[in-house]
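What follows is one structure encoded as C-alpha cells, with my remarks underneath.
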Amino acid sequence: MTATLPDIRPAGPDSAPGSRLRAAARRHAPVLAMFGTLKLAGFCSFLYLLSSAGDYRGKHPRFGGGAHAWDVLATWDGWWYQQIALHGYDPKLVPVPGATGLITLEGNSAAFFPLYPALIRLTSTVTGLGSYGAGLLVSILASFAAALGVYAVAERFGGRRAGLAAAGLWAVWPGSGVEWAVYSDSLYVALAAWACHAVLTRRWLTAGVLTFAAGLNRPTAAALIAALGVAALLSLRRREDGALRPLLAMALAPLGLLGYLLWVGNRMGQLNGYFALQSGAWAHQFDYGKQTWDVLTSVPVGKFDYLFAYPFADVISVGVILLACALLPLLLRLRPPAVLVLYTVLTLVLVLGSQQIVANISRYLLPCFPLFLPLAVAMRRLSLPVQCTLLGIAALASGSYAGYALFELGVP
C-alpha cells in the first residue's frame, strides 16, 4: 500500500496578502466608483452654477468669493481652517468695542477643532501642496472613507444593495456640498461611521480610538461618546466581551473632546472659554430648540423675520428637519443596535436644540447617516439601473440644493 504524503506545497494564492487585497478591492471598488461618480457629477454641477451666476466675483474672498469659482470651496470656515494649519492657535476672548447685541466678541480660531487643520498641515508638508490643496485632498479622501463606513453599517442591515444605496445617499444628501470643500465634515462622518461599525463588530479599542479622534474634530462628537458609553455598559451587563476592552473604550473616547475644551479654557483663563467664544462671537449656543421652532413656524407661512434668515437655504433646511423627523421612526422600526439609535437621536438633539444659522442645519445633520438606513433598505428593491438613475438625478440637483444654497445663498 502506498503511503499518502502530506501536502506541503506553498499556500495558494487565495491565502496570500495580495489575494486579500484584491478581494477587498473587488468588494469595495463598486462602492467607491459609484460614490465618486455621484460626487463628481454634483461637484461639476456646483461649479457650473457658480460660474454661470458669477456672484462670487463680487464677494469677499473670505465670505463666498474669490477670483475663480473653485476658490469658494475654501471660504467661510475653510478660511479659518487654513489659518490654523498655517499659524496655529492663539485662544483669546476679545470684546468688540461698544458691542451690545448678539455678537460681543471677536472671532477666534479656537472655535474650530484641531484634527482637520492638523491633517491639512501634515498633508501640505508631505505633498508640497498649499493649505487649500491639502485641505481639499484631506476632505476628498475622508469622503471616500466615510462612504465605505456608511456602506459597511448599512450592509449589516440590508445586504450589499442597501449598502450601495446608503453610500449613494451620503453623496447626494442635503449639505453634501461641503464633502469636497475645505471643511471638516467628511472627516468627522468617516470617524463616526467607522466608530459605530467597530462597536457593532465588538472591536472596542478601535471604537474608542476613533471616537477619541472624532472628539478632536467636532464638538457634536459628544453624541458619539455617549452612544459608545451606553453600548459599552450594555456589553458589560451582558458579559459579552469581558470587562477590560469596553472599559478602556469608555475611558478613551471622551479624552479628545474634553482635552481640547480644557486646553482652550486654560489658555483663555476661563473654564468655559470655548462656549463663551461660540456664544459671543457666533451667537451659537444651546437654546433648547427655540431658534429651530421659530424657523419651523415661520418658513411655512412665508415669514423670514427670525434670527439669521437666509430664505432659500432655510427652506431646504426645514425640509431636511422634517425629513429627519419622518425617517427617525422608520429607523427605529428596523430595531438597530443602541449605539446607532443613541448616536442619531443625540446628534439631532444637539443640532436642533441650538441657536445657530439654520441654513447650516442641512450640513450639521450630515453625521446622522443612520437615517439613511430605512431609505437604503427600501431602495434595495429597485434594480441597479433604476437606483443609479435616481441617485444620478439627485447628484446633478445637489449642485444647487447641497452646494450653491450653502456657499452662496447662506452661510455654511
Under 19 Å from a point placed 7 Å out from the Cα of R335 along the Cα-to-Cβ direction: which residues of segment 360-404 have their backbone N that close? 373-375, 377-378
For segment 33-138, report the accessible area per residue in Å² (1.4 Å probe, heavy atoms, rounded to an integer). 48 Å²
Can you give me the relative contact order of segment 81-137 as a percent, contacts being Cα pairs under 8 Å and 6 or more apart? 37 percent
Which value results for Rg/Rh of segment 93-132 when Rg is the Cα radius of gyration and Rh the Kirkwood radius based on the inverse mean 1/r? 1.26
Quick check: the angle from helix 273-282's long axis to the longest principal axis of the chain, C-alpha only, nearest 10 degrees? 60 degrees
Under 12 Å, Cβ to Cβ, from N360 - net charge with Lys/Arg +1 and Asp/Glu -1: -2
Can you list, largest first and rounded to whole Å, the semi-axes you get for segment 212-301 by taking the square root of 5 times each eigenvalue of its Cα gyration tensor? 32, 22, 8
Binned at 10 Å from zero, the C-alpha pair distances of segment 89-201 give percents of 14, 32, 27, 19, 7, 1
Surface accessible to a 1.4 Å probe, per residue, for the residues of segment 187-346, Å²: 48 Å²
In percent, what relative contact order does the chain have, based on Cα pairs under 8 Å that are 6 or more apart in sequence? 22 percent
Principal axes first, then extents: for the Cα atoms of segment 15-122, list largest minus smallest coordinate on each axis, whole Å, largest first. 70, 38, 24
Taking the convex hull of the Cα atoms, report for segment 225-272 its projected area averaged over all directions, in nm². 3.5 nm²
Take every Cα-Cα distance within the chain, group them into 10 Å bins from 0 onward, and report for each bin the whole-number percent of pairs it holds. 5, 20, 32, 27, 11, 3, 1, 1, 0, 0, 0
Would you mind checking which residues have amide H under 5 Å from Q285's amide H? H placed 1.01 Å from N; only 5 or more apart, or other chain. Q355
Can you tell me which of E179, E155, E240 moves the most in a GNM of the chain? Springs connect C-alpha atoms under 10 Å apart. E240
Ignoring ligands, DNA and RNA, what percent of the 1.4 Å accessible area of the chain is carbon and sulfur? 66 percent
Whole-Å semi-axes of segment 241-398's equivalent ellipsoid (Cα gyration tensor): 31, 27, 14
To the nearest 0.05, how large is the calculated FRET efficiency for L271 and H60 if R₀ is 30 Å and r is the Cβ-Cβ distance? 0.30
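The values are calculated or read from the model by the stated rules, or taken from the named source; none is laboratory data. Values in this document were obtained by computation on a predicted structure and should not be read as measured data. Cβ coordinates were reconstructed from backbone atoms using ideal geometry, including for glycine residues, and neighbour counts include every protein chain displayed. These area figures cover heavy atoms from the full protein model, side chains too; ligands, DNA and RNA do not enter into them. Shrake-Rupley method; radii C 1.70, N 1.55, O 1.52, S 1.80 Å.
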